[in-house]
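Trainee: Got a structure here, written out as structure tokens. Questions coming.
The values are calculated or read from the model by the stated rules, or taken from the named source; none is laboratory data. On a predicted model such as this, the values are computed, not experimentally measured, just so you know. All Cβ positions, even for glycine, are placed from backbone atoms using ideal geometry, and neighbour counts span all protein chains on display.
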Amino acid sequence: MTASVLLIVVPGVLVIAVGALVIWGMTQRYRRELGLKPERQEKTQDVSFIINAFQDVTRQLKEKEKELERLRSLAEQRADNVESYTENILQCVTSGVITFDGNGLAASMNRAAEEILGLERGSGLGRTCDEIFGNGDTCRLVRETRETHILSRRMEAELLRNGERIWLGFNTALLRDRQGITLGVILSFSDLTEVKRLQQQIELKERLTALGEMSAGIAHELRNPMAVIAGYLSLLTRKQDETGQSIIRDIQAEIVGMNRIISDLLTFARPTSLNRTVVNMRHLLESCIETVLQARPGRPSLSTVLDISDIMAPVDEVLMRQALGNLMQNAVEAMPNGGTLSVTMQVDKYLTIIVGDTGPGIPPENLKKVFLPFFTTKDEGVGMGLALTHKVVTAHGGRVDVMSTVNTGTKFRVVLPKE
């Protein structure tokens, strides 16, 4: 090889070698910068796998979270539906239902319970049994059920509601969850006041019927001998001086009084025949009040409180005037030193007339006797007025009852059908 050729080839080889080295170095540098070495590629692949797996798990967790949220919402909706369903059932029940929690506080109360007890909506919640019913048999039974876990039998108790005594029939049961854990006590009760009044009216009617039959026989047996005595007294009057005639007149006056009593007995025993007409009850009541007040001249004045309206009712005007007049007369006589005579009328399914006074009241032991013939606590009178009133009202298909508090006053309530 010639020198000129060598001069060309050697530099060319050197240039090629240098170029190859430069290219190789640049390639390695580029690979390092891009992390493309084999071991770095493996590490990059591992990191990518972990990131992808994490993202997949996160996505699945979010899907599960959405599913749990849907199930929770569904469960809450079902619980609300069950609670609403139970609440609707309780509100439709005519008996009163109250639940007491473990601390003895009212946790729930249906509408019937509030109406029976005369409570405003929701005002009984959070109160103890004693605060709602007072310290009586009802709360004693609730405490015993909570402490002994023994169900109670049906019982009855008397309760004071807004100044009026009512009768309740009640029983208790344990309130448990699905696991059988005791949560409190359920008290269920119903208003027996009307049933008790009806029972009392029936018992009184039976007693009065028997007494009327006996009274009729006695009256007939007495009237004939008294007529004979009156005849002999008329004969004796002609043969006596002034002193003797005065004595005979006194005897005759007593006979007249006895005849009046016998007439009342016969009236009481005789079946009542009604002559019904449509009567304006306001006019009838005002007429009775005016008659009663006019019959007490010179006595301490009475104030009257009237709440009556123009209500037409089919009654026997003569008998109803006598019956209501007797009630007002008794009210006036119960206030010899003055007071307040109240007459109110209420109209719903029935026509209710309440005659009240502010007198001394009637002792509890006498309340069941006031409608019996000849029962009276007054110095004058024979005790037939209320018995006749009771008879007239029951003949009209109604009832009459009495409410009284000693040292406060008395109210007689007459309930009549409107038609």
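Trainee: If only one of Ile247, Ile261 is outside the structural domain of Val393 (by TED's automatic domain parsing) and either at pLDDT 80 or above or of a type in the set (Phe, Trp, Tyr) (or both), which one is it? If you could, list the steps in order and put the result at the bottom.
Mentor: Working: Ile261 fails: either at pLDDT 80 or above or of a type in the set (Phe, Trp, Tyr) (or both).
Selected residue: Ile247, the only one of Ile247, Ile261 that is outside the structural domain of Val393 (by TED's automatic domain parsing) and either at pLDDT 80 or above or of a type in the set (Phe, Trp, Tyr) (or both).
Trainee: Identify, from the list Thr94, Thr86, the residue that is more than 16 Å from the chain's Cα centre (by Cα) and either modelled with pLDDT under 85 or hydroxyl-bearing (Ser, Thr, Tyr) (or both).
Mentor: Exactly one of Thr94, Thr86 is more than 16 Å from the chain's Cα centre (by Cα) and either modelled with pLDDT under 85 or hydroxyl-bearing (Ser, Thr, Tyr) (or both), namely Thr86.
Trainee: If you go through the range 264-294, how many residues are basic (Lys, Arg) and modelled with pLDDT under 75?
Mentor: Total satisfying the criteria: 1.
Trainee: Let me ask something additional. Step by step: first the residues of the range 200-222, then only those that are closer than 30 Å to Ile248 by Cα and either of a type in the set (S, T, N, Q) or modelled with pLDDT of 75 or more (or both), then the one that is surrounded by the most Cβ atoms within 10 Å (Cβ to Cβ). Which residue is that?
Mentor: Residues of the range 200-222 that are closer than 30 Å to Ile248 by Cα, as a first pass: 215-222.
Narrowing the set further to residues that are either of a type in the set (S, T, N, Q) or modelled with pLDDT of 75 or more (or both) leaves 215, 222.
Numbers: Ser215: 22, Leu222: 15.
So, considering only residues that are closer than 30 Å to Ile248 by Cα and either of a type in the set (S, T, N, Q) or modelled with pLDDT of 75 or more (or both), the one surrounded by the most Cβ atoms within 10 Å (Cβ to Cβ) is Ser215.
Trainee: While we're here: Restricting the search to the range 258-278, which residues are outside any loop (DSSP other than H, G, I, E, B) and either within 20 Å of Met214 (Cα to Cα) or in contact with a His (Cβ under 8 Å, 6 or more places away or on another chain) (or both)?
Mentor: Across the range 258-278, the qualifying residues are Met258, Asn259, Arg260, Ile261, Ile262, Ser263, Asp264, Leu265, Leu266, Thr267, Phe268, Ala269.
Trainee: Something else now. Here are the criteria: (1) within 30 Å of Ser404 (Cβ to Cβ); (2) in contact with a strand residue (DSSP E or B) (Cβ under 7 Å, 6 or more places away or on another chain); (3) not in a helix (DSSP H, G or I). Tell me which single one Ser108 does not satisfy.
Mentor: (1)
Trainee: Kindly provide the set of residues from the range 376-404 that are touching a strand residue (DSSP E or B) at 6+ places or on another chain (Cβ under 9 Å) and surrounded by fewer than 16 Cβ atoms within 10 Å (Cβ to Cβ), ordered by number.
Mentor: Gly397
Trainee: Checking the structure you have, find out if any residue of the range 345-352 is farther than 19 Å from Ala395 by Cα, modelled with pLDDT of 85 or more, out of contact with any strand residue (DSSP E or B) (no Cβ under 7 Å at 6 or more places or on another chain) and buried (at least 20 other Cβ atoms within 10 Å of the Cβ).
Mentor: No, the conditions are met nowhere in the range 345-352.
Trainee: Against the definition (at pLDDT 80 or above, of a type outside the set (Val, Ile, Thr) and either in the same structural domain as Arg165 (by TED's automatic domain parsing) or not in a strand (DSSP E or B) (or both)), how does Leu125 come out, yes or no?
Mentor: For Leu125, the condition - at pLDDT 80 or above, of a type outside the set (Val, Ile, Thr) and either in the same structural domain as Arg165 (by TED's automatic domain parsing) or not in a strand (DSSP E or B) (or both) - is met.
Trainee: While we're looking at this one, here's another question. List the number of the failed condition for Val332; all other conditions in (1) in contact (Cβ under 8 Å) with a residue 24 or more places away in the chain; (2) of a type outside the set (Ser, Thr, Tyr); (3) out of contact with any helix residue (DSSP H, G or I) (no Cβ under 7 Å at 6 or more places or on another chain) hold.
Mentor: (3)
Trainee: Okay, next question. Report the residue count in the range 128-154 for those that are part of a helix (DSSP H, G or I) and not polar (S, T, N, Q).
Mentor: 14
Trainee: So, one more: Applying the selection to the range 124-171, what residues are among the small types (Gly, Ala, Ser) and closer than 24 Å to Val406 by Cα?
Mentor: Gly134, Gly136, Ala157, Gly163
Trainee: Quick check on my filter: what residues within the range 298-318 are surrounded by fewer than 10 Cβ atoms within 10 Å (Cβ to Cβ) and either more than 29 Å from Glu419 (Cα to Cα) or free of Cβ contacts under 8 Å to residues at least 12 places away in the same chain (or both)?
Mentor: Across the range 298-318, the qualifying residues are Gly298, Ser301.
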